[in-house]
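The structure appears below as structure tokens.
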């Protein structure tokens, strides 16, 4: 059966590089922004109440600067800060939920639109467990820490989220290397391929 999987092209050459993956990310960003705008418009007040503790905490930190401004300016900055926190929480929550598609389908809508999908490093279909591991490294850990930090106003969680996010962001540029794998791909032993290049694992090989 192994002969059936033999290919003239090295598996690393079949992997999707930075450009197409960035294109998929941009499509996803537009979709998430549109969804977030809709939720923000409909449920802004409800989320503002949910985040009231965190908003108060942030405004308290700005109290010295705000005290030096006149009433109108201070109100404008407070409104802007409140809107930013609410928008950030809504967009972050939706992005986290949206990213779960990579566990269920091995691809987001952006990846689907461009005909690419996450698979094992050897171009065989990835299991749900593998996809979940990759998701947690790439999106889950940083997003969960950030959302918990926002809800609890625990600055340490927000700081940890930022550190993890920066590491993953830098790790995304590893796709430019010869192996065409981001840091989260290397850890989860995955890569991104065109759907047509992904091979099903034969039961005899499992």
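The values are calculated or read from the model by the stated rules, or taken from the named source; none is laboratory data. None of these values were measured; they are calculated from a predicted model. Neighbour counts are summed over all protein chains in view; Cβ atoms, including those assigned to glycine, are modelled from backbone coordinates with ideal geometry.
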Quiz item: Within the range 153-180, which residues are over 22 Å from residue 108 (Cα atoms), out of contact with any helix residue (DSSP H, G or I) (no Cβ under 6 Å at 6 or more places or on another chain) and touching a residue at least 60 places away in the same chain (Cβ under 8 Å)?
Solution: 178
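Just checking, which of 169, 173, 80 is closer than 23 Å to residue 30 by Cα, more than 18 Å from the chain's Cα centre (by Cα) and surrounded by fewer than 15 Cβ atoms within 10 Å (Cβ to Cβ)?
80
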Self-check item: Condition check for residue 166: out of contact with any strand residue (DSSP E or B) (no Cβ under 7 Å at 6 or more places or on another chain), at pLDDT 95 or above and closer than 30 Å to residue 52 by Cα
Solution: yes
Quiz item: Which of the residues that make up the range 120-141 are surrounded by fewer than 14 Cβ atoms within 10 Å (Cβ to Cβ) and either in a helix (DSSP H, G or I) or within 12 Å of the chain's Cα centre (by Cα) (or both)?
Solution: 128, 129
Quiz item: Which number in (1) in a helix (DSSP H, G or I); (2) modelled with pLDDT under 90 marks the one condition that residue 69 misses?
Solution: (1)
Practice problem: Consider residue 108 carefully, then state whether it is at pLDDT 95 or above and surrounded by fewer than 14 Cβ atoms within 10 Å (Cβ to Cβ). | Solution: no
Exercise. Tell me, please, whether a residue that is at pLDDT 90 or above, surrounded by 16 or more Cβ atoms within 10 Å (Cβ to Cβ), over 30 Å from residue 20 (Cα atoms) and out of contact with any strand residue (DSSP E or B) (no Cβ under 7 Å at 6 or more places or on another chain) can be found in the range 83-105.
Key: yes
Exercise. Please state which one of 114, 144 is touching a helix residue (DSSP H, G or I) at 6+ places or on another chain (Cβ under 6 Å) and either over 27 Å from residue 38 (Cβ atoms) or surrounded by 15 or more Cβ atoms within 10 Å (Cβ to Cβ) (or both).
Key: 114
Quiz item: Is at least one residue of the range 48-57 within 30 Å of residue 116 (Cα to Cα), touching a helix residue (DSSP H, G or I) at 6+ places or on another chain (Cβ under 7 Å) and either surrounded by 14 or more Cβ atoms within 10 Å (Cβ to Cβ) or free of Cβ contacts under 8 Å to residues at least 24 places away in the same chain (or both)?
Solution: no
